[in-house]
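Trainee: Got a structure here, written out as structure tokens. Questions coming.
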Amino acid sequence: MLKIGELKSGDIVKVNDEGVEREGVVVRLSHEENQALVDNGVQEFWYSPEEMRAVPLDETQLTKLGFEKQDQDGSVKYLKGAFRLVTLRKGDFSNIEMWYREDRRHFSVPLGVHQLQNLHLDMTKVPLELP
């Protein structure tokens, strides 16, 4: 379950579309109705928080978002412009460092794609969207 207050237009989420789980992109939010309009690849539909989940952040998602991968000694660095994200152990996205210029942040919990998108926007002032 996701909170509507955590979401922004353009965020990537998973929705339960009548028993079928699909990835979708938030188009618009209605705080009054506590719902998000999500384009699930088939149609745009309003979903409640109970029908949405975070898409777990992993290498596949970073690649979809246009990040380049650099293997290092046991860790992996992902780059997109001047924005950097490092997993301290290869394949382990539960311990992440990210930075953009002087702004450095560390997370020791798994993040969802929508959280990375919102952090990227906060740090760079540029939306992180699918190409």
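Trainee: I'd like the distance between the alpha-carbon centres of region 1-74 and region 81-131, rounded to an integer number of Å.
Mentor: 16 Å
Trainee: Between residue 92 and residue 68, how many nm apart are label points set 7 Å from Cα along the C-beta direction?
Mentor: My value for the distance between the label points is 2.7 nm.
Trainee: If you don't mind, there's one more thing I want to ask. Need the full-extension length gain, residue 125 to residue 104, defined as separation in residues times 0.36 nm minus the C-alpha distance. One decimal, nm.
Mentor: 6.1 nm
Trainee: Suppose the chain between residue 48 and residue 20 were pulled fully straight at 0.36 nm per residue; how much longer would it get relative to their current alpha carbon spacing? Can you show the working numbers first?
Mentor: Values: separation 28, 0.36 × 28 = 10.08 nm, distance 1.53 nm.
Length difference between fully extended and current span is 8.5 nm.
Trainee: Same structure again: With a ≥ b ≥ c the root eigenvalues of the C-alpha gyration tensor of region 59-124, is it rounded (a/c under 1.5), prolate (a/b larger than b/c) or oblate?
Mentor: Verdict is rounded for region 59-124.
Trainee: Still on this structure: Quickly rank 29-37, 9-17 as a protection proxy: mean count of other C-beta atoms within 10 Å, highest first.
Mentor: Output ranking for 29-37, 9-17: 9-17, 29-37.
Trainee: Looking at region 52-104, which GluC sites (Glu not before Pro) are in a loop (DSSP not H, G, I, E or B) and have at most 13 other Cβ atoms within 10 Å?
Mentor: Details: sites: 59, 68, 97, 102; in loops: 102.
For GluC sites (Glu not before Pro) across region 52-104 that sit outside H, G, I, E and B with at most 13 neighbouring Cβ atoms in 10 Å, the list reads 102.
Trainee: Continuing with this model, one more query. Over all directions, average the projected area of the Cα convex hull of the chain and note it in nm².
Mentor: 8.2 nm²
Trainee: Further question: Show that you can apply the helix-only estimate: for the chain, add -39,500 (n - 2.57) for every DSSP H stretch of four or more residues, divide by all residues, and state [θ] at 222 nm to the nearest 500. Show your work: numbers first, answer last.
Mentor: Numbers: 2 runs with 18 residues, N = 131.
Rounded to the nearest 500, the figure is -4000 deg cm²/dmol.
Trainee: Angle, helix 113-124 long axis vs. longest principal axis of the chain, Cα atoms, 0 to 90°, nearest 10?
Mentor: 60 degrees
Trainee: For region 4-53, restrict the atom set to alpha-carbon positions and state the Rg and Dmax in Å.
Mentor: Cα radius of gyration and Dmax of region 4-53 are 9.4, 26 Å respectively.
Readers should treat all values here as calculations from the given coordinates under stated rules, not as data from a laboratory. These figures come from a predicted structure and were not determined experimentally. Don't worry about glycine lacking a Cβ; one is built from the backbone with ideal geometry, like all the others, and counts go over all protein chains shown.
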